[in-house]
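Since every read-out is calculated from the coordinates, none of them should be taken as a lab result. What you see is a predicted model, and the numbers here were worked out from it, not measured in a lab. Neighbour counts are summed over all protein chains in view; Cβ atoms, including those assigned to glycine, are modelled from backbone coordinates with ideal geometry.
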Amino acid sequence: MNKANGTNGTHAQPHDAKPREIVVEVHRVRVNIPSTVVALSNGYGGCITHWAARSRYCEGEESGCTYCKRKAQRTWKGYAPVEVLDAENELWIPAVLEITENLEPELRRRWRRGTVWQLWMDDDGRGKRSGCMGKLVNELDPFSVLETFDVTPIVRRLFHVDSIDLSKPNPLPDRIVRTARPAKRVAEPPAGKPQPPAPAAEPAAGVRDRLNGMFRVPVEDRNGDGR
Ligand SMILES: [Zn+2]
């Protein structure tokens with residue numbers, strides 16, 4: 001089974017939805033190409049990596065990691081067995097999803113077998129990409145999706161290492177999520193209790209003229225009887 005035989009899904013003919021065997025590869029979310037994935041596992045593994053020409057597996061400082069000694073930047077990466085939607089070919093492609101540090105807090109405590117996720121990474125229009133983001137969009141019957149598989153051999157191959165420890169948690173903390181209230185509520189004074197106007201500093205003459213023009217409120221009145 002190899003790519004030249006067109007067996008990895010990428011070379012599949014459009015609208016040929018017959019099941020086929022593919023070599024499982026690592027799937028990364030790419031800029032401006034959203035992915036839809038189904039979780040096949042109830043959890044995911046992770047490890048620390050360094051960037052040195054390419055991504056390198058961190059053996060751990062205590063194990064004499066070469067890149068730790070060089071003080072190379074450390075980045076967590078996670079891996080999970082998934083099916084990736086290939087909408088064009090109407091196929092679910094088994095793959096190992098690479099989870100970034102930025103994406104993982106979204107998946108935390110919600111990732112379980114059968115959950116369907118929309119994942120994306122935007123381009124800010126100036127050549128800079130956002131962090132990978134994700135949204136839980138659906139949940140399928142866990143019995144209806146592909147049997148899970150061990151990602152370890154695929155991740156070992158990715159980093160060219162004999163053994164790999166995928167038990168490291170993402171060091172990034174939980175996101176703090178609070179609800180934004182409609183601004184109208186705080187802008188309205190409580191009923192029956194007119195609020196005195198906030199004391200305003202006298203604007204410079206030029207600014208005052210502009211303000212008067214914009215809001216049509218004579219500055220003298222504001223500062224006079226406290227209307
Ligand atoms: Zn290291």
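Compactness check for region 3-159: Cα Rg over 2.2 N^0.38 Å is 1.11. Checking every one of the trypsin sites (Lys or Arg not before Pro) in region 76-155 against DSSP loop status and a limit of 16 other Cβ atoms within 10 Å picks out Arg108, Arg109, Arg110, Arg112, Arg126, Lys128. Residues whose amide H lies under 5 Å from that of Gly45, counting only those 5 or more places away or on a different chain, are Tyr79; hydrogens are built 1.01 Å from N in the peptide plane.
Among the trypsin sites (Lys or Arg not before Pro) in region 29-75, those located in a DSSP loop and surrounded by at most 12 other Cβ atoms within 10 Å of their own Cβ are Arg70, Lys71.
Couplings 3J(HN,Hα) for region 106-111, derived from phi with the Karplus relation 6.51 cos²θ - 1.76 cosθ + 1.60 (θ = phi - 60°), are 5, 7, 3, 6, 10, 6 Hz, where x marks Gly and Pro. When you count the other C-beta atoms within 10 angstrom of each residue and take the mean per peptide, 158-170, 93-105 line up highest first as 93-105, 158-170. Full extension of the chain between Arg30 and Leu140 gives 37.1 nm of extra length, using 0.36 nm per residue less the Cα-Cα distance. Please report how far the C-alpha centroid of region 16-67 lies from that of region 112-148, rounded to the nearest whole angstrom. Taking the Cα centre of region 112-148 as reference, the centre of region 16-67 is 14 Å away. Footprinting exposure proxy ranking of Glu106, Glu88, fewest other C-beta atoms within 10 angstrom first, gives Glu88, Glu106.
Around the amide H of Glu25, modelled in the peptide plane, lie the amide H atoms of Val96, all under 5 Å away and 5 or more residues distant in sequence or on another chain. Charge dipole of region 3-159 (Cα centre as origin; +1 on each Lys and Arg Cβ, -1 on each Asp and Glu Cβ, all else neutral): 760 debye, rounded to the nearest 20.
Across region 58-71, computed HN-Hα scalar couplings (Karplus, 6.51 cos²θ - 1.76 cosθ + 1.60, θ = phi - 60°) run 8, 6, x, 4, 5, 9, x, 4, 4, 7, 5, 4, 7, 6 Hz from first to last residue, x flagging Gly and Pro.
The 3J(HN,Hα) values that the Karplus relation (6.51, -1.76, 1.60; θ = phi - 60°) gives for region 77-83 are, in residue order, 9, x, 9, 9, x, 9, 10 Hz. Gly and Pro appear as x. Summing charges over neighbours of Pro94, with a neighbour being any other residue whose Cβ is under 10 Å away from its Cβ, gives -4 when K and R count +1 and D and E count -1.
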